[in-house]
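S.K.: Take this structure first; my questions come after.
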Amino acid sequence: MKVTYPHMGLMNLSAKSLLKELGLEVVEPPPITERTLNLGVKHAPEFACLPLKINVGNYIEALEAGADTIIMAGGSGPCRFGYYGEVQKEILKDLDYDFEMITFEPFQGSWSNFLQQFKFIFKHLSWWNLWSAWKLAWTKCQLIDEATEYTNRMRGYAVKPKLVTEVYEVFLNRIEDIHEIEKLHSAIVEMKNQILDLKIDWQKEPLKVGIVGEIYVVLEPFTNLNLEKKLGEMGVVVNRSIYLSDWISEHLFSTSVDSEEHQKIEAAAEPYLEHFVGGHGLETIGRTVLYNQDDYDGVIQLAPFTCMPEIVAESILPKVSRELDMPVLSLTLDEHTGEAGYITRLEAFVDLLKRKQGLKTGGQVI
Amino acid sequence: MKVKVGIPKSLLYFHYYPAWKEFFQQLGVEVVESDDSNQSIIDQGVKLAIDEACFPVKVSHGHIVNLRNKVDYIFLPRIVSVVKNEYVCPKLMGLPDMIRNNISDLPQLLTPTINHNQSWFDLLGSNLELGAKFTDSKFKIMKAHWQARKALRHHRQNLIKEFGRDRLTIALLGHAYLLEDKYLSLGLKDKLEELGVNVITPQNLTKKQIDRGADKLSKPLFWTFNREIIGAAYYLFECQEVDGFIQLAAFGCGPDSLIGELMERKAKRRSDIHFMSLNLDEHTGEAGLETRLEAFVDMIRWEAKGA
C-alpha cells in the first residue's frame with residue numbers, strides 16, 4: 001500500500017511524519033505546479049471551487065508516481081468540502097486509475113465510529129505506536145504554525161525581511177528529519193534566536209494586516225500567490241486568522257465550537273451575520289471585526305471562486321469595512337488569477353493603508 | 001387597515017409558499033407577493049448582489065426591492081436545515097444577512113430561524129415568536145402553525161405524478177426555484193410540453209422514490225434539495241421509464257456543480273441514457289436554448305424510431 005494525500009500549505013510535513021511513523025509507505029504528490037492546476041481544471045467540474053480542482057491534480061500526479069491509496073478528510077456540510085471525496089472518486093474512476101480512497105469523517109459523537117475508520121492502520125499497530133506517531137505529527141503541526149506566525153510578525157520589523165524568510169525556510173527544511181519532540185522544540189527556539197540576531201528595527205511602526213477567508217486558499221501559497229511572504233517583504237506585519245492545527249481540532253474533533261474564543265468571534269460577527277453559514281464564513285466576519293478592535297490597519301479576505309460561505313461573507317464585508325472605517329480587500333482566486341494584476345492590487349492596498357496610517361499619526365502623507 | 005407582509009417569490013418560496021401564505025392569512029395578515037420574475041427584477045438583483053453570488057440569489061435581491069415600498073414587513077426566514085442532519089446551501093442560510101447589508105431602506109424583516117437539527121419544540125417556538133407580532137392569542141398562532149403544515153402536506157401530495165408511457169418523457173433535474181419560475185427558466189417546461197413531451201421534475205416523485213435513488217449514493221448527501229434532485233435522477237436512471245434527462249443548473253450554484261458532475265458521469269457510463277446539462281444565467285438567450293431543446297428531443301425520437 002502506497003498512500004498519498006492532497007497538498008494544503010505545509011500540511012504535507014505533518015501528514016508525512018504521521019503516516020511514516022505508522023509504518024506506511026508514502027508517495028507524496030509532487031509540489032503543486034501549473035500542470036497540477038491544469039489537470040484539475042481539465043477533469044473537475046467547471047463551477048467546483050479551486051481546492052477541489054487542485055486536489056484532483058494532486059491525486060493524478062501522485063497516482064502517476066505510483067500511489068494507490070488516497071487519504072482524504074470528509075465532512076457533513078454545508079460547505080462543499082464534505083462531499084469532495086465522493087466526486088473526486090468518480091472523476092478518477094472514469095480516468096481508469098486503480099486506487100482506493102479512504103475518507104475520514106469528522107468525529108460525530110461516537111468514538112467507536114470515529115476510530116473504526118482507522119481500521120486499516122490499526123491492523124498492525126499498537127495503541128502506543130499510534131499515540132506516539134500522532135503526538136510527533138501534532139507537535140510538528142503546531143510548531144510549524146507557531147513558526148509561521150512568528151515569521152509573519154518579525155518580517156514587519158526586520159530591516160531585511162527577506163532574511164527572515166530564509167531562516168524560516170531553513171527551519172521548515174530541518175523539521176522533516178527530526179523524530180524527537182524535544183529536538184523539535186529546540187529547533188524552533190533556535191529559529192527564533194536566529195531571527196532575533198538579524199538587524200531589527202524595534203522603533204518601526206509597521207502596518208498590520210489580518211488575513212481572513214477560506215482555509216485552503218489562506219494556507220496554500222500556490223493559490224494565494226505567496227500572499228504572506230509578499231506582504232511581509234513589503235514590511236507589513238501579517239496575521240493569519242486560521243492555522244492548520246486550529247482546523248484539525250475544529251474540523252475533525254469539533255472541539256472549538258463552544259470554546260470561549262469561538263464565542264468571541266460569534267459575538268463580534270453578530271451585528272452583521274447572525275448565523276453560521278458553513279466553512280469559515282462567520283469567522284471571516286467575526287475576525288475582521290476583532291482585527292479592527294486589535295488596531296489592525298486592514299484586512300484581506302481570500303476566497304476561491306464560487307466558495308459559498310465566503311460569498312455570503314464577501315457580500316457583507318463592504319458594510320463592515322464602512323462602519324469600522326477599516327479597508328478590507330476581497331480577493332477571489334481561481335485558475336485565471338494572474339500574478340501581475342494581483343500584485344498591483346496588493347500594492348495599491350498597502351499604499352492606501354500607509355496613507356491612512358500617515359493621516360492618523362500626523363506624519364507625512366505621500 | 002390590515003398589516004401587510006411581503007413574501008418574495010424567489011428561492012424557497014417555490015417549495016413552501018402554501019404554508020407561508022396560510023400561516024399569515026390565518027393570523028389575519030394581508031400577504032403581498034412580489035411580482036413574477038421579470039427583466040427589471042433581474043436587473044435590480046444583478047446590480048445589488050455581488051458578482052459571484054449564484055443567479056437565483058441575485059434575482060432574490062430584485063424581488064426584495066420589488067416589495068420594498070409595498071409592505072410593512074418582509075418575510076425572509078433564515079432556513080438552515082429542513083431535514084434532520086441535512087442542510088440547505090450556505091447562501092440560503094446567510095440570505096437575510098446578505099439582504100440586510102446590501103439593500104437599504106427596507107421594511108422590517110421577519111427572519112425566524114428554521115433549523116430542523118434542533119428539536120421540533122424550537123420550531124414551534126420560533127413560529128410563536130413570529131406570530132406574536134400579529135396577535136396576542138397563542139391559540140391562534142398554534143392553529144395557524146398546524147393549518148400551514150396541512151396546506152403544505154396537501155400541496156406536496158398534489159404534486160406527486162404518475163407518469164404514463166404514452167408520450168416521450170423527459171425528467172427536468174433542477175431546483176424548483178428555477179423550474180417553476182417561468183422567466184428564469186425561459187419557459188423551459190412549457191417549451192418541452194409544446195414539443196409533445198411529458199415533463200417530470202423531482203417534486204413529482206414521492207419521498208420513497210427519492211430515498212431509493214439517494215440510497216445509491218456512496219455517502220449520504222447533506223443538502224436536502226440537491227439530495228432530492230440527485231435522488232430523483234438515480235431513481236429514474238434505474239426505473240427506465242424516462243427517455244431523457246435535462247439537468248438545469250444556475251450559474252454559480254455550488255451544490256449543483258458537484259451533484260451535476262455525479263449525475264452526468266453516471267449517465268455517460270451508460271449508453272441507454274440521454275443526458276444534457278443546461279446552465280442558466282442573466283445572459284442566457286432564448287433562441288439558443290430552444291435550438292438545444294429541439295435537437296435533444298429530436299435525437300431521442302430519432303433513436304427510438306431507429307431501434
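The values are calculated or read from the model by the stated rules, or taken from the named source; none is laboratory data. Not measured: the values here are computed from a predicted model. A quick note on method: Cβ atoms are made from the backbone with ideal geometry, for glycine too, and the neighbour counts reach across all protein chains shown. Please note that ligands, DNA and RNA were not included when accessible areas were found on the heavy atoms of the full protein model with its side chains. Shrake-Rupley method; radii C 1.70, N 1.55, O 1.52, S 1.80 Å.
S.K.: For the protein assembly as shown, with only Lys/Arg (+1) and Asp/Glu (-1) charged at the beta-carbon, what is the dipole magnitude about the Cα centre, in debye rounded to 20?
M.R.: Values: 75 positive and 92 negative charges, 278 e Å.
With Lys and Arg at +1 and Asp and Glu at -1, about 1340 debye.
S.K.: Chains B and A: buried accessible surface, both sides, probe 1.4 Å, rounded to 100 Å²?
M.R.: Numbers: alone 15330 and 17890 Å², together 29720 Å².
Looking at B and A, the buried total is near 3500 Å².
S.K.: Determine by what factor the alpha-carbon radius of gyration of segment A:43-172 differs from 2.2 N^0.38 Å, reporting the quotient. Show your work: numbers first, answer last.
M.R.: On the way: Rg = 19.1 Å, N = 130, 2.2 N^0.38 = 14.0 Å.
Output field value: 1.36.
S.K.: Rounded to the nearest 500, what is chain B's calculated 222 nm mean residue ellipticity when only DSSP H runs of at least 4 contribute -39500 (n - 2.57) each, over all residues? Can you show the working numbers first?
M.R.: On the way: 13 runs with 154 residues, N = 307.
Mean residue ellipticity at 222 nm (helix-derived): -15500 deg cm²/dmol.
S.K.: Exceeding 28 Å between C-alpha atoms, which entries from my cross-link table qualify? They are B:150/B:266; A:53/B:207; A:230/A:356; A:53/A:264; A:16/A:229. Working shown, then result.
M.R.: On the way: B:150/B:266 37 Å; A:53/B:207 33 Å; A:230/A:356 20 Å; A:53/A:264 34 Å; A:16/A:229 24 Å.
As for pairs spanning more than 28 Å Cα to Cα, those are B:150/B:266; A:53/B:207; A:53/A:264.
S.K.: Dividing the convex hull volume of the alpha carbon atoms of segment B:161-307 by its residue count, what do you get in Å³ per residue?
M.R.: On the way: hull volume 15.6 nm³, N = 147.
So the per-residue Cα hull volume is 106 Å³.
S.K.: Determine, at each q value in 0.11 (inverse angstroms), the log₁₀ of I(q)/I(0) that the Debye formula gives when each Cα of the protein assembly as shown is one equal point scatterer.
M.R.: For the protein assembly as shown, the Cα-only Debye profile gives -1.22.
S.K.: Search the structure for amide H atoms under 5 Å from the amide H of residue B:87, placed 1.01 Å from N in the peptide plane, and list their residues when 5 or more places away or on another chain.
M.R.: Amide H to amide H, under 5 Å and 5 or more residues apart or across chains, residue B:87 pairs with B:223, B:224.
S.K.: Which distance in Å, rounded to a whole number, links the C-alpha centroids of segment B:77-119 and segment A:209-233?
M.R.: Their Cα centres are 30 Å away from one another.
S.K.: Among B:138, B:84, B:219, determine the one that fluctuates most according to a GNM of chain B built with springs between C-alpha atoms less than 10 Å apart.
M.R.: The residue that fluctuates most here is B:219.
S.K.: To make sure I understand the rule: partners must be aspartates and glutamates, Cα under 16 Å from the Cα of residue A:123, and not fewer than 8 residues away in the same chain. Which ones qualify?
M.R.: Cross-link targets: A:21, A:25.
S.K.: Now a separate question. Sequence neighbours fewer than 8 away in the same chain don't count; with that in mind, list the aspartates and glutamates whose C-alpha is under 13 Å from residue B:216.
M.R.: Residue B:216 reaches A:86, B:228, B:238.
S.K.: One-quarter of the Cα convex hull surface for chain B, in nm²?
M.R.: Working: hull surface 65.2 nm².
Projected over every direction and averaged, the Cα hull of chain B covers 16.3 nm².
S.K.: I want to verify a result. In a Gaussian network model of chain B, Cα cutoff 10 Å, which of these has the top mean-square fluctuation: B:291, B:201, B:113?
M.R.: B:291
S.K.: Where a ≥ b ≥ c are the square roots of the eigenvalues of the C-alpha gyration tensor, would you call segment B:54-128 rounded, which needs a/c under 1.5, or, failing that, prolate if a/b is larger than b/c, or oblate?
M.R.: Verdict is oblate for segment B:54-128.
S.K.: Additional query: Using a probe of 1.4 angstrom, how much of the accessible area of chain A is carbon and sulfur, in percent? Each step should come with its number before you reach the end.
M.R.: Values: 8280 of 16180 Å².
Looking at chain A in its full context, I get 51 percent from C and S.
S.K.: Can you give the FRET efficiency to the nearest 0.05 for residue A:319 and residue A:159, using r as the Cβ-Cβ distance and R₀ = 51 Å? Walk me through the intermediate numbers first.
M.R.: Numbers: r = 39 Å, r/R0 = 0.76.
Working from the Cβ atoms, E equals 0.85.
S.K.: With label points built 7 Å along Cα→Cβ from the Cα atoms of residue B:305 and residue A:270, find their separation and express it in nm.
M.R.: 6.9
S.K.: Roughly how many Å² is the accessible area per residue of chain B, as a whole number, for a 1.4 Å probe?
M.R.: Working: 13540 Å² over 307 residues.
It amounts to 44 Å² per residue over chain B.
S.K.: A further question on this structure: So what is the calculated 222 nm ellipticity per residue for chain A, using -39500 (n - 2.57) for each DSSP H run with n of 4 or more, over all residues, to the nearest 500 deg cm²/dmol? Please report the intermediate quantities before stating the final value.
M.R.: On the way: 17 runs with 204 residues, N = 366.
Using -39500 (n - 2.57) per qualifying helix, the result is -17500 deg cm²/dmol.
S.K.: Add +1 for every Lys or Arg and -1 for every Asp or Glu among the other residues with Cβ under 11 Å from the Cβ of residue A:302, and state the total.
M.R.: On the way: positive: A:240; negative: A:214, A:220, A:228, A:310, A:314.
My count for the surroundings of residue A:302 gives -4.
S.K.: Turning to a different aspect of this structure: Sorted by mean Cβ packing within 10 Å, highest first, what order do the peptides A:306-312, A:230-236 take? Walk me through the intermediate numbers first.
M.R.: Values: A:306-312: 29.4, A:230-236: 20.7.
Highest-to-lowest ranking by the protection proxy: A:306-312, A:230-236.
S.K.: For segment B:151-216, state which trypsin sites (Lys or Arg not before Pro) are in a DSSP loop and have at most 13 other beta carbons lying within 10 Å of their beta carbon.
M.R.: Numbers: sites: B:153, B:156, B:161, B:165, B:167, B:182, B:189, B:191, B:207, B:208, B:212, B:216; in loops: B:161, B:165, B:167, B:182, B:216.
Answer by residue number: B:165, B:167, B:182.
S.K.: Same structure again: Which residue fluctuates the most in chain A, going by a Gaussian network model with Cα springs under 10 Å, if the choices are A:241, A:17, A:249?
M.R.: The residue that fluctuates most here is A:249.
S.K.: Right, something else. Tell me, which longest segment in chain A has none of the chymotrypsin sites (Phe, Trp or Tyr not before Pro) that fall in DSSP loops with at most 12 further Cβ atoms within 10 Å? If you can, show how the numbers build up before the last one.
M.R.: On the way: sites that count: A:202, A:253.
Answer - A:1-201.
S.K.: Just counting partner chain Cβ atoms within 10 Å, what average do the residues of peptide A:312-320 show around their Cβ?
M.R.: Numbers: counts 13, 4, 5, 15, 7, 2, 3, 4, 1.
Partner Cβ neighbours, averaged per residue: 6.
S.K.: In addition: Pairing the Cα long axis of helix A:127-154 with the longest principal axis of chain A, what angle in degrees results, from 0 to 90 and rounded to the nearest 10?
M.R.: Helix A:127-154 and the main axis of chain A meet at about 20 degrees.
S.K.: Which whole-number percentage describes the relative contact order of chain A, with Cα contacts under 8 Å and a sequence gap of 6 or more? List each step's numbers first, then the result.
M.R.: Working: 544 pairs, mean separation 58.8, N = 366.
After rounding, I find 16 percent.
S.K.: Hey, got a sec? Which GluC sites (Glu not before Pro) in segment A:133-208 land in a DSSP loop and have at most 12 other Cβ atoms within 10 Å? Can you show the working numbers first?
M.R.: Working: sites: A:146, A:149, A:166, A:169, A:176, A:180, A:182, A:190; in loops: A:176, A:180.
Those that pass, being in a loop and sparsely packed, are A:180.
S.K.: Work out the mean other chain Cβ neighbour count within 10 Å for the residues of A:187-200 and drop it here as an integer. Please report the intermediate quantities before stating the final value.
M.R.: Values: counts 0, 0, 0, 0, 0, 0, 0, 0, 0, 0, 0, 0, 0, 0.
Per residue, the number of nearby Cβ atoms from other chains is 0 on average.
S.K.: Here's something else I'd like to know. Which sequence of A:339, B:264 reflects their accessible areas, 1.4 Å probe, from the largest down?
M.R.: Numbers: A:339 90, B:264 55 Å².
Most to least solvent-accessible, the answer reads A:339, B:264.
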